[in-house]
Amino acid sequence: MAKLIDGKCISADIKEELKLKVAELKKQGITGALAVIQVGDDPASSVYVRNKKRACEYIGIDSLSYELPKETTQEELLELIERLNQDGQVKGILVQLPVPAHIDENTVIKAISPKKDVDGFHPQSVGALTIGQKGFVSCTPAGIIQLLKRSEIEIEGKSCVIVGRSNIVGKPMALLMLRENATVTITHSKTKNLKEVCKRADILIVAIGKKEFIDASYVKEGAVVIDVGIHRDENNKLSGDVKFDEVEPLCTAITPVPGGVGPMTIAMLMNNCVQAMTD
Ligand code: NDP
């Protein structure tokens, strides 16, 4: 039976550590706030924003909430971001994505000061990660590294296959695994013989956004499988990109959905906020 990698428990540990760190910083007079901007009222985004604000409250940092109507122009949004860039008490700025179609996501991301880019999406943050310099790292992949390390799964020298090459998961994940000295393969929708490539993985990280796409035929016996996917069915039941019941018996360790990668994203966002306070 595979070891279940418990993201709920690990993320709770990280938040607890951050809470202590924030209290320590407060004693030294170091405080700061996370500004959370939401444009429009997409229900899924509202849930994410609420959870982020709750996490701030839990670890003891202030959150400033900007709920803007969906008609907000790009110029208005950029003006707000610039004001927050200049505000010394605001240490992190987060614009909940996606933004409405009339606003260009890349322009918004670039407008956030790299010093306050707690999502790690700014080209400067991505560049720093690429050349191994200090900077904010995208939260979901950073969370997966924590899951592996805190579950005592060795990364160095291992063959790691990543399915998916998005800017927020697949690509930064590959760079982080490379930083940890894995031998990394990135696959995508044009990859030939995906099954064969996946079967070579000691660590298989799946972020394709297709419900239960990866079945047992993609997985080598003894592999570690990390499932990033999140899918909610009509009964509100969550599942991932991996057919858990079929794949689990083959693995040495696997993340469940829910309770695997999901809870780590917010914990790592909080980690980035604390980093922003101390930089
Ligand atoms: P994207 O849709 O941005 O990227 C999907 C990637 O999968 C693309 O690179 C695409 O390839 C690749 N892909 C699609 N179909 C195939 C296929 N048949 N074979 C091989 N590769 C394929 O998704 P995200 O990275 O944003 O998210 C992936 C999943 O992770 C989603 O379910 C999302 O909800 C979840 N997620 C979960 C988070 C969490 O906190 N747990 C955070 C972020 C995402 P190509 O580039 O060629 O199109």
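Points worth noting:
- Surrounding net charge for His102, when Lys and Arg each add one and Asp and Glu each subtract one, Cβ distance under 12 Å: -4
- Of Ile109, Leu64, His188, farthest towards positive along the dipole that unit charges on Lys, Arg, Asp, Glu beta carbons give the chain: His188
- The aspartates and glutamates whose alpha-carbon is closer than 16 Å to the alpha-carbon of Lys116, local same-chain residues fewer than 8 away aside, are Asp62, Glu79, Glu82, Asp87, Asp279.
- Among Ser138, Ser113, Ser189: highest mean-square fluctuation, GNM of the chain, C-alpha pairs under 10 Å: Ser189
- Contact order relative to length of the chain, as percent, for alpha carbon pairs under 8 angstrom and 6 or more apart: 22
- Nearest-ten-degree value, helix 139-150 long axis tilted from longest Cα axis of the chain: 50
- Assigned charges on the beta-carbon of Lys, Arg, Asp, Glu; the range 139-262 dipole about Cα centre (debye): 540
- Translational diffusion of the chain was estimated from the Stokes-Einstein equation, with Rh taken as the Kirkwood radius over Cα pairs; at 25 °C and 0.890 mPa s the coefficient is 126 µm²/s.
- Whole-number D in µm² s⁻¹ for the range 39-173, Kirkwood Cα-pair radius fed into Stokes-Einstein, 20 °C, 1.002 mPa s: 129
- Part-to-part distance (alpha-carbon centres) for the range 38-81 and the range 160-233, which is given in Å: 31
- Straight Cα distances below 23 angstrom link Lys192 to the lysines Lys158, Lys171, Lys210, Lys211, Lys220, Lys243, with same-chain residues fewer than 8 positions distant left out.
- Summed side-chain charge close to Val137 - residues other than Val137 whose Cβ falls under 15 Å, Lys, Arg +1, Asp, Glu -1: +2
- Structure remark: mean-square fluctuation, Gaussian network model of the chain, C-alpha springs under 10 Å; the largest value among Val224, Val108, Val261 belongs to Val108.
- Gaussian network model of the chain, springs between alpha carbon atoms under 10 Å - residue of Asn167, Asn236, Asn85 with greatest fluctuation: Asn236
- Rounded if a/c under 1.5, otherwise prolate or oblate - the range 139-262, Cα gyration tensor axes: rounded
- Check: the chain dipole with +1 on Lys, Arg Cβ and -1 on Asp, Glu Cβ, in debye: 540
- Total formal charge among the other residues, if their Cβ is under 10 angstrom from that of Ser65, Lys/Arg +1 and Asp/Glu -1: +2
Read-outs: derived from the displayed coordinates by stated rules, not from any lab. This is a predicted model, so every value here is computed, not measured. No Cβ is skipped: glycine too gets one built from the backbone with ideal geometry, and neighbour counts run over all protein chains shown.
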